Each structure stands twice: as C-alpha cells, then as structure tokens.
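For reference, the structure discussed in these notes is given below.
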C-alpha cells in the first residue's frame, strides 16, 4: 500500500495535480504468532558421573598338588576339593574376573602318579614328578568362582595327550574356559575372549617347557613360549579385545627373584600387545611391576607363587630349613599365595592400571602332625588372616617384600 501511494504522488507531481495523496492504511492490529516452545538442550552428565569401562582381575598362581597332597584331599571324602579351596574362595568377590594356573591334569588314571626324585640327590636317577587329579576338581574350581584357567605349563602332558584332552572336556563341562591348549597349534595360541564390565578381555597362555613329551598323535597341543608364535598370538588378541592378559609359565623352581631374561621378555610381550602378564612356575612369589606401554600402562606379575600345593610340608614356623632337604619339602615360600587384584581401565584404546592390591593366602598342611600323631593328613588353603599369630607375623612382611612396593597388601577379614 505504501508503494502504491508513492507511485500516485509521483504521477500527480508530473501532471501538475494538487490533490493530496491518499493516506496510507494503518498497519494490521492482529496479534503476532506465539513463539514455539524452546527445545531443551540435551543433558550433559557431570564429569564425575561418566562411567568408564573398568574391571578387576583377581589372579592367583599354581594349583599344583603332588601325590602326597592328592592323597590327603581324596581321603577327605567327597568334599575334599571343597575343603581344599574354601579359604581361597572366601576372599574372592562376585564382580571379579578370576584366574589361576591349573598345573596338573584333571585325571590320574592314564599315567601312574610319581612324586619324582630331585637332581640334587644322586642316589637315584632324577625323575620329574607325574601329577594328576580327578574330575571333581573341575566342579570345585567352578564353585569357588574361578572364571578362566591356564592349562599350558610343564605338567600339561603328565597324563599324556589323552589326559590333556579329558582335562579340557572336564573344564568345558563346568563352563570354565581354558587357555593355552587347543586341538592344534593354531587353536592353542588363539585368544579366549571373555566380556566383563563392558570390556572384552582376551586371555592367552604359553609355557617355557614341558616335563613330558608323550608319543602318539599330538593332539591336543599346549602352547609353548616360542617368541615368533607368541608375537603373532598377542597381535591377534589385540585385534579382538580391549584388554589382553598373557599367562606365562616360565623361570626355575624356587628362584628367589625374577631373572633378567624374564624382565626383558616381559617388555617384548607388552610391546606385542599384552596389558597384563601373569607369571607362574617358580612356586614362590616374585615382584609385581608397572610398565609403560604403547597403549598407556601395563603390569607384570613375574610369579604368583602357589595358590594350593603340597610343597613345604615339613616347614615349622620360626625354624628355617637346614641341611640337605629338597626345597619342595621345606620351603615356606612355596606355601605363600595371593589373590592379586588388578583394576584395569580401558578408554579409547588407552589402558590404565588403576590399582594393585593383594590378599595373602597360606596352604595349611599338617603333614608333620600326621606322621607324628597319626591324625588324618589334611591340606587346606586359608587366608593368612586366619592363621596363628606367630605365623602371620612372620609371613606378612615377607610376602609384602616379595611382591614389592607397587602392591598394597591387605589381610582379609577374619572368618
């Protein structure tokens, strides 16, 4: 309307008109449209409310029962394995991913058991022990809360290929995954992936050597610590998991500390893809060390000792061993064990070791009282918190020293 009035005024001016131009119409008094309701911005959680994927790995060492200890467990009746592991199970927690090294087949009827003969005693030819258990041990492991076991170690073939195959069958029956052994070499080196707390955790296992080399068809196969195959194995595990855990059975029996060669190897394993290295084999506790990693942080436990064994059965608290007695019989360190708790966080491919703590265990073995007084021989794993005060005061600082400053050692609550 304004544009039309202006055009008429211009035309009149050109024609000499003296009429006033019509007034412009007033603007409409209609109400403007109501504005749209504002859209709420998405709520951004506070930094402290963001939950990053994190899990706790509860790792222990060798379950390795010599024929003497096996006899004690079996003579304890149907609940023998349950009694053996009750103190171990007591300190485990439901939300943990629980690991141990099963250092004996779950059968004992393929090859006769043999306690062996040490090389230090030259009166007889040296013999490696032949170990074996019975299938109900698988049930006891599952009932205790064990989630995964390594079965590649120097006793893997003690019951021959058939005994190893039956061991895998028993573990599968109770739904406890096993690592380090497969129907062929490719399967043995392949990772076992377990999902927990929003993370994919790949377990692999390797052994430095085997005591026995049975004849016949070579199946199943236990993974050996062959560096070329191990590197490929770890790189493959890295591709399918957020966290890679390598179980390594290495070193020598009763070696007091980790060998330099093992320390160098640990760094190569981390470079190839391992985030957590769980060492077993020496039957005594070694240092737990934090390492830098291409992915952030890594941790290596050079030896987790024994979670349950028949070793050190003649040790008396406060009386160090003397004279020629094989270390397997008298070494108290072979009765020390731990549940090592490793809190691992993985975010965007970056690994952080959030915490390292451990609960000390002790294998109670009344062998001397059995021989002296004729009481039934019993072997039990107990929290160190539950043993007599003199033994607890002796072992606690020694376990803490063995694990090193990276680990916070905590006594479990008394039962």
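Computed from the coordinates by the stated procedures, all read-outs in this text should not be read as laboratory data. Owing to the predicted nature of the structure, the values given are computational and were not obtained by experimental measurement. A quick note on method: Cβ atoms are made from the backbone with ideal geometry, for glycine too, and the neighbour counts reach across all protein chains shown.
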Kirkwood-based Rg to Rh ratio, the stretch 166-295, C-alpha trace: 0.97
At what distance in nm do the modelled label points of residue 75 and residue 343 sit from each other, each positioned 7 Å from its Cα along Cα→Cβ? 4.5 nm
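Taking the number of other C-beta atoms within 10 Å as the exposure measure, put 213, 83 in order starting with the fewest. Write down the numbers at each step before the final one.
On the way: 213 8, 83 17.
Lowest count first: 213, 83.
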Of the DSSP beta bridges with both residues in the stretch 222-343, give the percent that are antiparallel, rounding to the nearest 5. 55 percent
Dimensions of the stretch 196-270 along principal axes (Cα, Å, largest first)? 41, 37, 24
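Rounded to the nearest 0.05, what FRET efficiency is calculated for residue 393 and residue 172 with R0 set to 35 Å and r the Cβ-Cβ distance? Walk me through the intermediate numbers first.
Values: r = 44 Å, r/R0 = 1.24.
Between residue 393 and residue 172 the formula returns 0.20.
Given a Förster distance of 60 angstrom, what is the FRET efficiency for residue 127 paired with residue 350, based on the Cβ-Cβ distance and rounded to 0.05? Write down the numbers at each step before the final one.
On the way: r = 49 Å, r/R0 = 0.82.
Approximately 0.75, to the nearest 0.05.
Considering only DSSP beta bridges with both partners in the stretch 117-263, what is the antiparallel share in %, to the nearest 5?
Details: 8 of 18 bridges.
So the antiparallel bridges in the stretch 117-263 amount to around 45 percent.
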Roughly what would the spin-label model give for residue 364 and residue 401, points 7 Å off Cα along C-beta, in nm? 2.6 nm
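What full-extension length gain, to one decimal in nm, is calculated for residue 142 and residue 240 as 0.36 nm per residue of separation minus the Cα-Cα distance? Could the numbers behind the result be given before it?
Values: separation 98, 0.36 × 98 = 35.28 nm, distance 2.58 nm.
My answer for the length gained is 32.7 nm.
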Between residue 95 and residue 290, what is the label-point separation in nm under the 7 Å Cα-to-beta-carbon projection? 2.2 nm
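FRET efficiency for residue 197 and residue 109, Cβ-Cβ distance as r, R0 = 35 Å, nearest 0.05?
Efficiency, rounded to the nearest 0.05: 0.30.
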